[in-house]
Structure formats: C-alpha cells, structure tokens
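Just below is one structure, and these are the notes that go with it.
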Amino acid sequence: MPAVLDATKRSDSLRKLAAGPLDVLVIGGGVTGAGAALDAASRGLRVGLVEARDLASGTSSRSSKLVHGGLRYLEQRDFKLVKEALRERDLLVSKLAPHLVRPVPFLYPIYKKVVERPYVGAGLVIYDAMEGTKRPVPYHRHLTTRGALRRAPALRPDRLAGAMVYYDAQVDDARHTLTVARTAAAHDAIVVTRASAVGLLRGVEDTAGDDPRGARVTGARVRDEETGREFDVHATRVVVCAGVWSDLVHAASGVKAGYHVRMSKGVHIVTPRSAIDADTGMIVRTGKSVLFFIPWGERWIVGTTDTDFSGDRTEPVATAEDVDYILANANRVLAKPLTRSDVLAVYAGLRPLVAEPESAGDSDETGKPTTKLSREHVVVTPLPGLVSVAGGKLTTYRLMARDVIDAAVADFPRAVPPSVTDQLPLLGADGLPAVRAAAGRLAADFGVSAETAEHLISRYGALAGEVLELVRADKSLGRPLAEGHPYLRAEVAYAVTHEGALHVEDVLGRRVRLLIESPDAGASAAGEVAAIMGKLLGWSRRKRAEQTRHYQEFAATTSQALLPGPASQPAAPPAKPEPPAQPRSWLRSRVHGQPQDQAPDQEPTTPVPVPA
Ligand SMILES: Cc1cc2nc3c(=O)[nH]c(=O)nc-3n(C[C@H](O)[C@H](O)[C@H](O)COP(=O)(O)OP(=O)(O)OC[C@H]3O[C@@H](n4cnc5c(N)ncnc54)[C@H](O)[C@@H]3O)c2cc1C
C-alpha cells in the first residue's frame, strides 16, 4: 500500500485517474475532501481526489487550529453540534491523531463575579457533562483572582474577579489535513493536487429514465493545472467538498444544489510568546463573539474576526482594520497592551457557512450576521451520481466525510460497508507511545538532539524516523531550514517525497509553517527550499528561480494589514523593504492594499475599558 504522496510520481497518479473508472471522485482537498477520500477508500471503494491547488490551501490551513466543542455554540443552544464536536475532539486526542491533536487549557477571565461566575460555571459544567466521564482532558476548574494572575500575569488586574480554566484541543490544521489525505492514499486513494474539476460529465443513458432531475453525473472533466492538459475522470459517484468554492463548482455545470455558501472572513494575528505572559490559552468575550489567545509553540495566535466577505476567495487578505480590531479587543484585558510592532504575521481564512435553505436563492441576502449562521453541515444529492457537502468545522470533518459518503453510496450498485474511520488511526498515530518513550534512542541513533527528535515526533508521530532516514542518507538535510525555527531541511525533502508538495508555497505555507510563523513569512528560506525541491523534482535553474521569486512575491502580498498608523487611514502606498537585518519591520513595510470589507463588528478600534 502506498503510504506516501510522492510528488515525483504525480504523472503516474494522473494516468491512474484518467484510466478510471473510479467508484468515487472527490472534488476538493481540504479537510472535508481528504476526510471523504479516507472514508470511502477505507470502505473498500476505488477513490480519486482532485485538488485545484494544494491540500489544505483553502480554509483548512487558515483556521484557529482548535479542535473543540465550541463553548460559544453552547450559548447559542446548539447542543447537538457541541456534543458531536466534543466526541470528535476526544476521539482525535485519544485514538485517531494523538500525535497531532493535543489538549490545551483555556483561561476564561471573569469580571462580574456575581453574574458571570455562575453563568460561565454552569456552561462549563454542561460542557464537561456532555463529554462524559471517559475523557482524555481534565475537568474545568475555578480560579481566584490571585490564581488567575498566577497562570496569566499578562491580564489587567483591575476589575479581574477570578477565572475559570477549561480544556479543549489544538492541531496544526494543514498538517492534519495532509495526514488525512496521506492516510487515504495508504488505503489506495489516488490523490492529485494542482488538478481542478472544470465540469461534470453527464451520462445520456438515464435522461429518459427514472430520475426527473436529469442525466446522471458520471465523472468530471479535470484540468492539470501544471500543464493545462484536460482529461475525463469517470466515476460512479462524484462528491463535491469544495468549501467556499462549492457554489462555483455547482454553477460551472448548471447544478442547482439546494444550498448556498456564505463566506465569513476570519483573521488571526501571530505574536511572539514573550509578548503575552501566560502559561495557558485564554478566551475573552468581544462585542458579538469571542477572542482566543492560543499558544502556538514559541508564539501566540490571537483571533478571530467574523465578517461577511465577497472578495477574491483564493487569497483572502487581512486589512489594517482587522488587525486593529484584534489588538483593541486583546488590549481590553492585557496589562501591557499589544502593539503592531508585536505582530509577527497575520492570516485570513473564509468560513464556508451554509446559508439557510429559504435563502438559497441568494445567500448574501439572509441579513443574518455570519456569527449567527450554523456551523453544522449539509449534505445534498442534487443529481443522480452527485453528492455535495459544505459547512461544518474542522473538528467535525470525520462526521461530514462519513455523512457525504453514506449519501453517495446510498443507492450504490453493490453493497458498501459502513464507515470505519472512528476506528482508524491516522498515519503516525500507531505505536506513538513507544516512539515517544524511545525519543532519546531515536535521537542517539540518528545523531540529532533530543529537541529535534521531539520536534519531529510532534509533527510526524511514529513516522518521525522516516524523516531522519533522509538525514542519514544526506547529512546536509540535518541542518535547520531557517534561523530560530526548529524545521530541518529534511522536512522539505520529505514534503516532496511523502507529502505531495509541488511548489515552494506548498512547503513554506503548509508543510512547515514559516508563512505564518516567521516575520518575513519564510521569504528568505524560499531559495533553499527551491533548491531542495528542485533536486527531487528535476527543476531547471530557471524554474528554481521562478519558484523562489513567485513565493517571495506571494509572501509580500499575503499581509496587507500591518500598517503603521490608525486603522481609519487608507492603506499606505507600497514601501521600500528595509534591510533583512530588521525582519519585523520588513514585514510591516510589505505592500498593502485597500480593505476589502467592512471593519469587523464595526466595533471601536481603539483600546476600550475592560468589559464591565
Ligand atoms: C478564521 C477561521 C477559523 C476557524 N477555526 C476553526 C477552529 O478552530 N476549529 C474548527 O473546528 N473549525 C474552524 N474553522 C472552520 C474550518 O476551518 C473549516 O470548516 C474547514 O477547514 C473547511 O474545510 P473544507 O475542506 O470544507 O474547505 P477548504 O479547506 O476550503 O477546502 C476546499 C478545497 O476545494 C478546492 N477546490 C475548490 N474548487 C475546486 C475544483 N473545481 N476542483 C478541485 N478542487 C477544488 C479548494 O482549492 C480547497 O482546497 C475556522 C474557519 C475559519 C475561516
């Protein structure tokens, strides 16, 4: 069984796809599509997946990276969603992906002792109770004001009246998605990136037949985005998992799916860990939602916003207003305010929210704020042979995948067993306790430091040794990829040979996370990445230079938001990059565009008093 997504063998995968026929063709390689491919392949079906860009290049690499029940959905009385999500969270932490999904404590500061403590406390009792007693994460706890400040000295002490601590979990979202896709490949799914479905194939034999909706969907026309070549992929079922692109995929073939996706933009900022003194994550209320402070290695991720969006869905960008909104809300509770100079990076993503069915005629006219739209998913069968799923959350991807494949095989020509993914650990999970226990030996065997061994185990689980095998074969791959970051050059090679990376952006954006972790968004590592990738993929010198330049240009445009000056000012003209000796200022002086949508929540963008 191929346990790898080997980019050097992509042409073989394209050939297999074209040769067909498949049982199931999945369109979209986000967490939902990867999950659907795994669900179908592990039921014994012959599966193909096409992804227009890279695995997780859409929403699935731009989330808050939490695997959570969603405390705030409890407040919206969405009990079913919370219960399901908590169950999924625990399954991932304890069995399916313990190497990737880790428990993380969150401190909820309390400012109104009499009202808030019983209210939040009751919510957390329900949150804990919904999970049950067999639980991989501890129960919530009450803290006094002193206790809260011990855990989070960064909090403003005035008016603080204590805190609660509860547990959720976190994950590297992109790494998780590509691990799901790799696991699908290990079950013989053919996974091809940079391949777009440009239209659906329709059979003629059923037109006069039993289904009034018209001709059966029999596959898709696929364009290889690397060469422009188009070919047909025949499949008994086509499954659309295209997130915020769902409407476009349906429209390209004139399909009325019965739902529309409404896009909601969410922005996060990334700061150094030293900018906020706390040993726990934090969650605070904003005017209409919540703001998370999420520990992320040596950094914090702080967010998010939630605003209706109608711009370019391929690379949504954060605006200065988004950043100021986050800073203002963070500074409500922080003793030492965060400033723009604390912001290392910023990223934006689009939530694929399913608009209510009665508004399906025009999803943007629901008038409902996107914070109030359900995070539950919908599965529809708009045509015979075609099933489509959207909505949901990263946390519930496995359920979405199960449900869409259940619908796809409901009237399948042969019997198909039920989903088994609740019993199927992702690649790297099997044997994890022993690998963790023997981390010292792994380090000694391969001549690397204990920190390096731990770093690799935390990213590849029981497969960490595969990365180190590359170092054994070529010592130069044991060197760090970028100063001040734990990533090895070997991880770039592994990204190509085992994780399907085809472009420099695939590596720096999603296999290692320098795009969101480094002040220069990884631009200075692009040349080295191109050199390692080029050797494996047979790139000419010119192609290496092109890939390097392309990434550097991309990195320079991903952040529009880190402008000096107040948010209300228009975006500044492109500024001259400063010398690399001052990487943070380099980032802040990147090209900035005009804001694309309204200021989040229309809330004040200057610091406001601690919530009363
Ligand atoms: C700011 C933000 C924070 C979030 N935080 C959390 C969180 O903490 N926890 C949580 O559980 N959830 C969270 N979510 C939600 C979660 O990230 C999404 O629900 C999930 O990632 C959606 O995955 P998807 O596969 O449906 O869509 P996507 O990841 O967008 O995948 C769709 C894919 O389809 C591909 N595609 C489109 N058209 C075609 C075509 N024609 N042919 C081939 N491929 C195509 C695209 O390239 C894309 O890769 C958050 C979302 C956002 C925006």
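Laboratory data are not the source of any read-out in this text; all were calculated from the coordinates shown. Computed from a predicted structure; not experimentally measured. So basically every Cβ, Gly included, is an ideal-geometry build from the backbone, and we count neighbours across all protein chains shown.
Please name whichever of Q170, T339, L66 sits farthest to the positive end of the charge dipole of the chain, dipole taken about the Cα centre and charges placed at Cβ: Lys and Arg +1, Asp and Glu -1.
Among Q170, T339, L66, the one farthest towards the positive end of the dipole of the chain is T339.
Give me Rg over Rh for the stretch 400-445, both radii from the alpha carbons and Rh done the Kirkwood way, two decimal places.
Numbers: Rg = 18.4 Å, Rh = 13.8 Å.
Reported Rg/Rh, Kirkwood definition of Rh: 1.33.
Suppose the Debye formula is applied to equal point scatterers at every Cα of the stretch 121-224; what is log10 I(q)/I(0) at q = 0.14, 0.15, 0.16 Å⁻¹?
Summing over Cα pairs of the stretch 121-224 leads to -0.82, -0.86, -0.90.
Looking at the stretch 403-520, I'd like the Rg to Rh ratio, where Rg is from alpha-carbon atoms and Rh is Kirkwood's inverse mean 1/r.
Numbers: Rg = 18.2 Å, Rh = 16.4 Å.
Rg divided by Rh gives 1.11.
Would you mind computing, in nm to one decimal, how far apart the modelled labels at A252 and D312 are, each placed 7 Å from Cα along Cα→Cβ?
1.9
Just in the stretch 394-503: which GluC sites (Glu not before Pro) are loop by DSSP and have at most 15 other Cβ atoms within 10 Å?
Details: sites: E451, E454, E466, E469, E483, E491, E499; in loops: E483.
Answer in residue order: E483.
Just how large is the dipole of the chain about the Cα centre, in debye to the nearest 20, putting +1 at every Lys and Arg Cβ and -1 at every Asp and Glu Cβ? List each step's numbers first, then the result.
Working: 77 positive and 71 negative charges, 273 e Å.
The dipole magnitude comes to about 1320 debye.
Restricting things to alpha carbons, tell me how big the stretch 386-463 is in terms of Rg and Dmax, in Å.
19.0, 55
How compact and how long is the stretch 1-132, expressed as Rg and Dmax of its alpha-carbon atoms in Å?
20.2, 68
For the stretch 1-41, take the convex hull of the Cα atoms, compute a quarter of its surface area, and give me that in nm², please. Can you show the working numbers first?
Values: hull surface 13.4 nm².
So the Cα hull casts an average projection of 3.3 nm².
Against the globular-protein guess of 2.2 N^0.38 Å, express the Cα radius of gyration of the stretch 58-107 as a ratio, rounded to two decimals. Please report the intermediate quantities before stating the final value.
On the way: Rg = 11.7 Å, N = 50, 2.2 N^0.38 = 9.7 Å.
Relative to the 2.2 N^0.38 Å estimate, the stretch 58-107 comes out at 1.21.
Return an integer: the convex hull volume of the alpha-carbon atoms of the stretch 58-212, in Å³ per residue. Let's see the in-between values first.
On the way: hull volume 31.7 nm³, N = 155.
Looking at the stretch 58-212, the number lands at 205 Å³ per residue.
Cα to Cα, under 18 Å, and not fewer than 8 places away if on the same chain: which lysines meet these conditions relative to K9?
Reachable lysines: K535.
Write down the Kirkwood hydrodynamic radius of the stretch 221-283, to one decimal in angstroms, obtained as one divided by the mean of 1/r over all alpha carbon pairs.
Taking the inverse mean of 1/r over all distinct Cα pairs, the stretch 221-283 comes out at 16.4 Å.
Mean Kyte-Doolittle of at least -1.0 plus a Cα span of 24 Å or more along the axis: flag which DSSP H helices in the chain meet both, please. Mind showing how you got there, number by number?
Details: long enough: 113-131 (27 Å, 0.35); 541-558 (26 Å, -1.91).
TM-like helix candidates: 113-131.
Would you please put 58-70, 400-412, 427-439 in order of how densely packed they are, using the mean number of other Cβ atoms within 10 angstrom per residue and starting with the highest? Write out the running numbers ahead of the final one.
On the way: 58-70: 25.1, 400-412: 21.5, 427-439: 16.3.
Answer by packing, highest mean first, reads 58-70, 400-412, 427-439.
Under unit Cβ charges (Lys, Arg +1; Asp, Glu -1), what dipole magnitude, rounded to 20 debye, does the stretch 198-319 have relative to its Cα centre? All intermediate terms of the calculation are to be shown ahead of the outcome.
Values: 15 positive and 17 negative charges, 68 e Å.
With Lys and Arg at +1 and Asp and Glu at -1, about 320 debye.
Can you run the Rg to Rh ratio on the chain? Use alpha carbon positions and the Kirkwood inverse-distance Rh.
Details: Rg = 23.8 Å, Rh = 24.9 Å.
Dividing the radius of gyration by the Kirkwood radius yields 0.95.
Give me, ordered by chain and number, the residues 5 or more places off D308 or on other chains with an amide H under 5 Å from its own placed amide H.
K265, T370
For the pairs K65/K265; K65/K256; K112/K288; K134/K393, flag any whose C-alpha to C-alpha distance is greater than 27 Å. Walk me through the numbers on the way to the answer.
Numbers: K65/K265 15 Å; K65/K256 32 Å; K112/K288 18 Å; K134/K393 23 Å.
Exceeds cut-off: K65/K256.
For the stretch 26-96, taking Cα atoms only, what is the radius of gyration to one decimal and the Dmax to the nearest whole Å?
Radius of gyration, then largest Cα-Cα span, for the stretch 26-96: 14.6, 42 Å.
If every alpha-carbon in the stretch 167-287 counts as one equal scatterer, what log10 I(q)/I(0) does Debye give at q = 0.10, 0.16, 0.21 1/Å?
So the normalised log intensities are -0.55, -1.02, -1.37.
Quick check: pseudo-label points 7 Å beyond the Cα along Cα→Cβ at E483 and A438, how many nm apart are they?
3.8
With equal scatterers on the alpha carbons only and no solvent term, can you work out the Debye log10 of I(q)/I(0) for the stretch 494-537 at 0.16, 0.29 1/Å?
With one equal scatterer per Cα and no solvent, log10 I(q)/I(0) is -0.35, -1.02.
Please give the direction-averaged projected area of the C-alpha convex hull for the stretch 23-64, in square nanometres with one decimal.
Numbers: hull surface 11.2 nm².
Spelled out: convex hull of the Cα atoms, projected over all directions, averaged, 2.8 nm².
Quick one: which of 36-48, 279-291 comes out on top by average Cβ neighbours within 10 Å, and what's the full order, highest first? Mind dumping the intermediate values first?
Details: 36-48: 26.9, 279-291: 18.5.
Result, highest mean first: 36-48, 279-291.
For an R0 of 22 angstrom, estimate the FRET efficiency from the Cβ-Cβ distance between S476 and S274 and round to the nearest 0.05. Don't jump to the answer; show the numbers that get you there.
On the way: r = 32 Å, r/R0 = 1.45.
Taking R0 as 22 Å, the efficiency between S476 and S274 is 0.10.
I'd like to know which of L477, Y111, F412 lies farthest towards the positive end of the charge dipole of the chain, counting +1 on Cβ of Lys and Arg and -1 on Cβ of Asp and Glu.
After comparing all options, I get Y111.
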